[in-house]
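This is the structure, below, for whatever I ask next.
The values are calculated or read from the model by the stated rules, or taken from the named source; none is laboratory data. These numbers come from a predicted model, not from an experiment. In this analysis, Cβ positions are derived from the backbone assuming ideal geometry, glycine residues included, and neighbour counts consider all displayed protein chains.
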Amino acid sequence: MSPRSSPKGGFLPIAASLRALLRFAAASSAAVLLSGCETLGYYAQAINGHLILMALAQPVESVIADPATPKVLRERLALARSIRDYAARELNLPDGGSYRSYADIGRPYAVWNVVAAPEFSTKPVESCFPVAGCVPYRGFFSRDDAERHAERLRAAGNDVNLRGVPAYSTLGRFDDPLLSSFIRYSDAELARVIFHELAHQVVYVKGDSTFNESFAVAVEPAGVQRWLAATGRGAGLKVFFELQERRDKFYEELDRVRARLEALYGMPLAPEAMRERKRAEFAGLKKYLESNPRFRDAEPNNAFLASFATYTQLVPAFERLLQEEGGDLEKFYSRVKALSTSGPSSRGPLSMPGR
């Protein structure tokens with residue numbers, strides 16, 4: 001399905017958007033009729049949730065022009081508009097209708113993702129669908145639905161991680177709007193989210209979430225650094241580098257714990273002995289997380305580690321590819337697209353080693 005907007009960002013009536021989504025919904029539902037009630041229920045909530053979100057979307061220009069729009073929101077939308085234009089003009093990211101509308105969704109997150117991993121594995125349990133392929137999570141528009149799914153996974157003996165997500169991408173099939181869940185982020189964080197989600201429209205490999213997310217995460221700092229420098233935000237650039245350094249150290253610590261656990265789970269130990277050593281590893285990680293305000297209340301487990309690995313495992317490899325191309329994003333995207341058409345063994349950690 002092609003985007004509904006012209007390259008200049010014009011909008012078709014929302015009814016056309018809904019008709020397109022309903023056609024997509026019908027095709028998706030037909031494809032999973034033999035997959036069981038739970039799968040159909042999952043598709044139903046996803047389709048309904050997205051329909052509601054799209055119905056709330058209004059063109060950014062209209063929201064800015066509306067006298068009832070608060071000044072702060074008007075300023076954030078104007079900034080997001082300039083970031084969106086910069087992404088297309090300077091970062092070679094798609095210049096379609098995505099992030100040229102705005103939706104106030106009235107909740108802190110767009111969706112809640114549920115990730116599960118077996119008791120003695122850091123590999124996520126995958127869910128497979130006709131459209132997206134196999135993915136290491138399920139996303140829900142309702143926290144209650146997410147909680148119910150998480151409880152089923154726990155009852156089956158899995159470690160589970162549930163977290164709110166401020167944005168998601170439909171890969172260019174629809175004109176994804178800016179959302180109230182992230183529009184008031186700091187300038188750099190707002191740019192980061194927009195660049196990340198647009199990167200998914202450049203390359204998406206069905207069934208390889210680690211490749212997809214790591215690529216989008218690698219695009220983030222490349223884009224944000226350039227945007228901050230180009231717009232004279234020197235102070236913001238300094239803060240961004242400091243934050244990036246802290247994030248890298250955080251991810252490296254998670255990688256070390258994950259590597260130790262993977263080695264542990266491969267040992268010929270009795271289950272209780274393995275559980276005891278697992279508990280010790282996560283007790284140490286819990287102490288480390290308590291020093292990070294964002295994760296102070298997090299309960300680390302295999303699924304927690306798996307959820308981060310999906311987003312970070314191949315980032316260093318993608319960053320090296322960008323360096324090899326002298327920072328030229330267009331050439332970098334071409335390299336990544338070429339990799340995306342190869343088999344998993346060719347684009348995986350053997351050819352693109354992780355941390």
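Go over the candidates A303, A298 one by one and state the one that is within 29 Å of Y185 (Cα to Cα), at pLDDT 95 or above, among the small types (G, A, S) and surrounded by 15 or more Cβ atoms within 10 Å (Cβ to Cβ).
Step by step, each of A303, A298 is checked, and only A303 is within 29 Å of Y185 (Cα to Cα), at pLDDT 95 or above, among the small types (G, A, S) and surrounded by 15 or more Cβ atoms within 10 Å (Cβ to Cβ).
In addition: May I ask you to list the residues in the range 105-137 that are modelled with pLDDT under 95 and either assigned to a strand (DSSP E or B) or touching a Cys at 6+ places or on another chain (Cβ under 9 Å) (or both)?
Selection gives E126, S127, C128, F129, G133, C134, V135.
Select from the range 190-216 the residues that are charged (D, E, K, R) and modelled with pLDDT of 95 or more and write down the one among them that is farthest from P94 (Cα to Cα).
E213
Pairs, please: C-beta under 7 Å, at least 6 apart or cross-chain, first residue free of Cβ contacts under 8 Å to residues at least 40 places away in the same chain and in the range 75-94, second assigned to a helix (DSSP H, G or I)?
A78/I64; R81/V60
May I pose another question? Go through the range 192-224 and report how many residues are touching a His at 6+ places or on another chain (Cβ under 7 Å) and polar (S, T, N, Q).
1
Separate question: Give the range 311-325 a look and list any residue that's within 19 Å of S209 (Cβ to Cβ) and of a type in the set (D, E), or say none.
Hit for the range 311-325 is E319, nothing else.
Additional query: I'm checking my understanding of the structure. Among residues of the range 80-104 that are outside any strand (DSSP E or B) and among the polar types (S, T, N, Q), which one is nearest to A216 (Cα to Cα)?
Once the filter is applied, the top-ranked residue is N92.
Quick grid of which residues meet (1) under 26 Å from A222 (Cβ atoms); (2) in contact with a Ser or Thr (Cβ under 9 Å, 6 or more places away or on another chain):
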site	(1), (2)
K249	yes, no
R258	yes, yes
E281	no, no
F295	yes, no
R320	yes, no
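Looking at R163, R173, which is the one that is at negative phi and not in a strand (DSSP E or B)?
Among R163, R173, only R173 is at negative phi and not in a strand (DSSP E or B).
Out of curiosity, is A150 surrounded by 21 or more Cβ atoms within 10 Å (Cβ to Cβ), touching a strand residue (DSSP E or B) at 6+ places or on another chain (Cβ under 7 Å), assigned to a helix (DSSP H, G or I) and not β-branched (V, I, T)?
yes
Each row is one residue, and each column tells you yes or no for (1) more than 26 Å from A88 (Cβ to Cβ); (2) charged (D, E, K, R); (3) in contact (Cβ under 8 Å) with a residue 12 or more places away in the chain; (4) surrounded by fewer than 17 Cβ atoms within 10 Å (Cβ to Cβ).
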residue: A218; (1), (2), (3), (4): no, no, yes, no
residue: G232; (1), (2), (3), (4): no, no, no, yes
residue: G236; (1), (2), (3), (4): no, no, yes, no
residue: V239; (1), (2), (3), (4): no, no, yes, yes
residue: K249; (1), (2), (3), (4): yes, yes, no, yes
residue: R258; (1), (2), (3), (4): yes, yes, yes, no
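Among (1) under 25 Å from V205 (Cα atoms); (2) in contact (Cβ under 8 Å) with a residue 12 or more places away in the chain; (3) not charged (D, E, K, R), where does L285 come up short?
(1)
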